[in-house]
Amino acid sequence: MRRLGSILAFLGAVLSLTACGGPDKTAHFIAGAMVAEYVRYEGGSFAQACGASLAFGVMKEVADSQFGGVVDGGDVWATGAGCAITWRF
C-alpha cells in the first residue's frame, strides 16, 4: 500500500510540473527523484536524500552558467522537489 501511495504521489507531482513548468521542470524533478532514491538505497537518511537532490540541482545550474547554458532558479527547486517521493508516510 505504501508503494502505491508513493507511485501516486510521484505521478501527481510529475503531472503538476508538466502543467506549470513544461518538460524541462519535469526532467529536473525526475532527476532529483532518482538522486534521492539512490541516496536512500545506499542507506542515507531522508534529509541526506533531499540535500543530495538540491545539491545536484545547484551543481547543474553552476555548470550551465560556466558552459553557456540558461541558468534558472526554478530548475534548482524542481530538482530538489524530486526528493519528496522519498518520504515515507
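Taken together, the values in this text are just the output of simple stated rules run on the coordinates, not laboratory data. This is a predicted model, so every value here is computed, not measured. Here the Cβ is made from the backbone with ideal geometry for all residues, glycine too, and neighbour counts use every protein chain on show.
In loop segments of segment 36-89 as defined by DSSP, the trypsin sites (Lys or Arg not before Pro) with at most 12 further C-beta atoms inside 10 Å of their C-beta are Arg88.
Using a simple spin-label model with pseudo-atoms 7 Å out from Cα toward Cβ, Ser45 and Ser65 lie 2.9 nm apart.
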